[in-house]
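The values are calculated or read from the model by the stated rules, or taken from the named source; none is laboratory data. Small disclaimer: the values here were computed from a predicted structure and weren't measured. Quick reminder, even Gly has a Cβ in these numbers, built from the backbone with ideal geometry, and neighbours come from all protein chains shown.
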Amino acid sequence: MRDNYLEEYYSFLRFPSVSTDDQYKEKLEECAGWLVEKLTSIGLQTQLVPTRGHPIVWAHNEQQSGRRTVLIYGHYDVQPPDPLELWDSPPFEPVLKNGYVFARGATDNKGQILSHILGIQETIEQHHDLPVNLHLVIEGEEEIGSANLGGFLNENRNALKCDVGVVSDTGMIARGVPTLSYGLRGVTALEIKVTGPKVDLHSGVFGGAVANPITALAQLLATLHDRDGRVKIAGFYDRVKPLEDWEREAWRKLPVDGDKLIREETGVPELFGEAGYNSVERIWARPTAEINGIGGGYQGKGTKTVIASHAMAKLTFRLVPEQRGDEILELAEVHLQKNLPKGVTIEITTGHSGPWYLTDPHSPLGEAAQHALRNAFNREAALIREGGSIPIVSQFREILGIETLLMGLALPDCRAHSPNENFPLENFEGGIRLNKAILQELAR
């Protein structure tokens, strides 16, 4: 790897491009400007596209008829670095330790997208052109839901007409194991507010005569699952697409012990989940109902003997093919209303939503991806789904009519979104090789 690549990587990482906090707005613009300058310098036609939020960087080569057109997507925004006290080094001052670069955004997504940029650069330097028509779209709002990306895609649908998308914003199943992710879970959210008395009450004066909203909420949330972790909402599993036999067989043969890996990463005393499935099957192919937050009543030091007037909880549902987010929210509301304890009322507010994604890894495009991964890492690719959600992949399908190849470079212990986020230089270099290999494969 060239010496200047590491310095460029460091420069990219030093921008505190935190999209969720307005105080970083200027830094996001500076980071986008750095990308424009870099992409222009390697020979791409580049523009900064303003949005209602943070700008999108759009670059392309000279488009020629008769060639396949490829869209590579990434994002330059990052998660907040908090809590700062848990970092071993300042989050926006990259440090190289034992072959790993530590900084916020090192993996998610600056290391991964920069490796693609450098792969493009090397191909242009060697051949004075690329083997495909290329569009490179790098946004600054992925970490806050990509609110303006859909509008950009719609407005430029004709100019962005392409054959396939390539995204490196997912993970490798293990170090050194190239991985093609062909499925993602969707997500939909709601918030519950359970209300009893109009004000907080003295628990001695009123306790036993009025329902406690916190108790009622706890009882209500306990109805969501049976003791084995299966969701008890009527109709919740009606549309779930069963696992294919080849998937279960392929996942059993993966070169990792999924249960052991999850125990080590999470530190839990034992694993738990829906009966009849192992851990990776639960994460990659089964839906869930999760309580993400709960609150109510006195939270300070010591004791305050009150019956709180209300309590709240935040829920999300991870969705799998062929579940529908709006339908799941309707079923959840019916369940919650039906199981609401006496003496309280409930208010339900729906939140964000994103669809699931599933593509065929054995299609010609999927085979091209597997060949590229094998060429870049000298090992057969693992075929997996992932438990997380990337809503923009579904937008690519809906708006541009393309399938997306998810060829992630993140390791399971990369600590994305957490303190001490890191990215190994071997994956940075592997990403450069992967870019050159996938563009060559897609040109065939």
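Yes or no, residue by residue, for (1) within 24 Å of the chain's Cα centre (by Cα); (2) of a type in the set (D, E, K, R); (3) closer than 16 Å to residue 74 by Cβ:
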site	(1), (2), (3)
9	yes, no, yes
15	yes, no, yes
29	yes, yes, no
32	yes, no, yes
36	no, no, yes
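Which one of the conditions (1) within 18 Å of the chain's Cα centre (by Cα); (2) modelled with pLDDT of 95 or more does residue 118 fail to meet, given that it meets all the rest?
(1)
Would it be correct to say that residue 441 is touching a helix residue (DSSP H, G or I) at 6+ places or on another chain (Cβ under 9 Å) and either assigned to a loop (DSSP other than H, G, I, E, B) or more than 30 Å from residue 307 (Cα to Cα) (or both)?
yes
Among the numbered criteria (1) over 24 Å from the mean Cα position of the chain (by Cα); (2) surrounded by 16 or more Cβ atoms within 10 Å (Cβ to Cβ), which single criterion is violated by residue 247?
Every condition holds for residue 247 apart from (1).
Starting from the range 92-116, take each residue that is basic (Lys, Arg) and list its partners that are not in a loop (DSSP other than H, G, I, E, B), counting only C-beta distances under 7 angstrom and pairs at least six apart or across chains.
104/78; 110/12; 110/13
Please go through the range 4-24 and give me each residue that is within 19 Å of residue 417 (Cα to Cα) and either aliphatic (A, V, I, L, M) or surrounded by 14 or more Cβ atoms within 10 Å (Cβ to Cβ) (or both), ordered by number.
9, 10, 12, 13, 14, 15, 16, 17, 18, 19, 24
Residue-wise test of (1) assigned by TED's automatic domain parsing to the domain that holds residue 375; (2) under 19 Å from residue 358 (Cα atoms); (3) in contact with a strand residue (DSSP E or B) (Cβ under 7 Å, 6 or more places away or on another chain).
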position	(1), (2), (3)
158	yes, no, no
164	yes, yes, yes
194	no, no, yes
204	no, no, no
209	no, no, no
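Given (1) under 30 Å from residue 413 (Cβ atoms); (2) small (Gly, Ala, Ser); (3) touching a helix residue (DSSP H, G or I) at 6+ places or on another chain (Cβ under 8 Å), where does residue 234 come up short, assuming only one miss?
(1)
Give the residues of the range 161-174 that are closer than 19 Å to residue 435 by Cβ and assigned to a loop (DSSP other than H, G, I, E, B), sorted by residue number.
162, 163, 168, 169, 170, 172
Go through the range 313-334 and count every residue that is in contact with a strand residue (DSSP E or B) (Cβ under 9 Å, 6 or more places away or on another chain), part of a helix (DSSP H, G or I) and β-branched (Val, Ile, Thr).
Of the residues in that region, 1 qualify.
Need the failing condition index for residue 69 against (1) touching a helix residue (DSSP H, G or I) at 6+ places or on another chain (Cβ under 6 Å); (2) within 30 Å of residue 405 (Cβ to Cβ), just the number.
So residue 69 meets the others, but not (1).
Failed condition for residue 144, given (1) modelled with pLDDT under 95; (2) buried (at least 21 other Cβ atoms within 10 Å of the Cβ), with all others met?
(2)
Taking the range 222-268 only, how many residues are of a type in the set (Val, Ile, Thr) and not in a helix (DSSP H, G or I)?
Total satisfying the criteria: 5.
Taking the condition among the charged types (D, E, K, R), farther than 29 Å from residue 278 by Cβ and in contact (Cβ under 8 Å) with a residue 40 or more places away in the chain, does residue 342 pass? Let's see the steps before the verdict.
Numbers: among the charged types (D, E, K, R): yes; farther than 29 Å from residue 278 by Cβ: yes; in contact (Cβ under 8 Å) with a residue 40 or more places away in the chain: yes.
Yes: the conditions hold for residue 342.
In the range 72-89, which residues are among the charged types (D, E, K, R) and under 19 Å from residue 118 (Cβ atoms)?
Within the range 72-89, none qualify.
For the range 33-56, name all the residues that are closer than 23 Å to residue 429 by Cα and surrounded by 16 or more Cβ atoms within 10 Å (Cβ to Cβ).
Within the range 33-56, the first condition is being closer than 23 Å to residue 429 by Cα, and the residues that meet it are 34-44.
Scanning the range 33-56 gives 34, 35, 36, 38, 39, 42, 43, 44.
Which residues, taken from the range 251-301, are among the hydroxyl-bearing types (Ser, Thr, Tyr), surrounded by 11 or more Cβ atoms within 10 Å (Cβ to Cβ), without any contact (Cβ under 8 Å) to a residue 12 or more places away in the chain and not assigned by TED's automatic domain parsing to the domain that holds residue 193? Quick ask: steps written out before the conclusion?
Let us first name the residues in the range 251-301 that are among the hydroxyl-bearing types (Ser, Thr, Tyr), namely 266, 277, 279, 288, 298.
Retained after the next criterion (residues that are surrounded by 11 or more Cβ atoms within 10 Å (Cβ to Cβ)): 277, 279, 288, 298.
When the remaining residues are screened for being without any contact (Cβ under 8 Å) to a residue 12 or more places away in the chain, the result is 277, 298.
Within the range 251-301, just 277 meets the criteria.
Does the range 75-84 contain any residue that is in a helix (DSSP H, G or I), within 30 Å of residue 157 (Cβ to Cβ) and modelled with pLDDT of 95 or more?
Checked the range 75-84: no residue is in a helix (DSSP H, G or I), within 30 Å of residue 157 (Cβ to Cβ) and modelled with pLDDT of 95 or more.
Is it true that some residue in the range 284-291 is over 30 Å from residue 212 (Cβ atoms) and charged (D, E, K, R)?
Looking only at the range 284-291, we keep the residues that are over 30 Å from residue 212 (Cβ atoms), and these are 284-287.
Now drop any that are not charged (D, E, K, R), which leaves 286.
Yes: the range 284-291 contains one or more residues that are over 30 Å from residue 212 (Cβ atoms) and charged (D, E, K, R).
Quick test of your reading of the structure: residue 304 fulfils all but one of (1) buried (at least 20 other Cβ atoms within 10 Å of the Cβ); (2) closer than 23 Å to residue 211 by Cα. Name the failing condition by number.
(1)
Please enumerate the residues belonging to the range 205-241 that are touching a Lys or Arg at 6+ places or on another chain (Cβ under 9 Å) and of a type in the set (Ser, Thr, Tyr).
Once the filter is applied, which keeps residues that are touching a Lys or Arg at 6+ places or on another chain (Cβ under 9 Å) and of a type in the set (Ser, Thr, Tyr), the range 205-241 yields 223, 237.
Given the criterion in a loop (DSSP other than H, G, I, E, B) and either hydroxyl-bearing (Ser, Thr, Tyr) or in contact with a Ser or Thr (Cβ under 6 Å, 6 or more places away or on another chain) (or both), identify the matching residue among 340, 271.
Result of the check over 340, 271: 271.
Quick one: residue 197 ticks every box in (1) assigned to a loop (DSSP other than H, G, I, E, B); (2) under 30 Å from residue 135 (Cβ atoms); (3) not basic (Lys, Arg) bar one, so which box is it?
So residue 197 meets the others, but not (2).
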